[in-house]
Amino acid sequence: MLWAYDFQSGDLCYNITSNVAPYTVEVTSGNTKYSGDITIPSSVTYNGITYTVTSIGWIAFRDCSSLTSVTIPNSVTSIGYETFYNCSSLT
């Protein structure tokens, strides 16, 4: 399955949710499954603009059975439907 996203920074993929101030993004699915320990940053810079990470998108980590932990910053105020569905290794 192919997933569309606006940009990748480090191991995470993002969709821009607001491209006017205040600039915001959501974590989204990438073309590979996330695994191990993930730390979501409170902000990320892309093309010279710093975006606040305010959400984790719908099914962002779905079926990531090797994902063991996710650290979520206080800036995240919403988590989408089935975001962690079938993440059987989360502790």
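The values are calculated or read from the model by the stated rules, or taken from the named source; none is laboratory data. Being a predicted model, the structure only gives us computed values, none of them experimental. Note that we place each Cβ from the backbone using ideal geometry, even for glycine, and neighbour counts take in every protein chain shown. Each accessible area value is taken on the protein alone, full model and side chains, heavy atoms only, with ligands, DNA and RNA left out. Shrake-Rupley method; radii C 1.70, N 1.55, O 1.52, S 1.80 Å.
Among residues of the range 26-55 that are within 16 Å of Thr71 (Cβ to Cβ) and of a type in the set (D, E, K, R), those with a Cβ under 9 angstrom from a residue that is in a strand (DSSP E or B) and open to solvent by less than 10 Å² (accessible area, probe 1.4 Å), sequence gap 6+ or separate chain, pair up as Asp37/Leu67. Among the conditions (1) open to solvent by 70 Å² or more (accessible area, probe 1.4 Å); (2) of a type outside the set (A, V, I, L, M); (3) assigned to a strand (DSSP E or B), Thr68 misses just one, which is (1). Apart from one condition, Tyr23 fits all of (1) among the hydroxyl-bearing types (Ser, Thr, Tyr); (2) under 14 Å from Val76 (Cβ atoms); (3) open to solvent by 20 Å² or more (accessible area, probe 1.4 Å); the exception is (2).
Residues that are part of a strand (DSSP E or B) and within 17 Å of Ser75 (Cα to Cα) within the range 26-48 comprise Glu26, Val27, Thr28, Ile38, Thr39, Ser43, Val44, Thr45, listed in sequence order.
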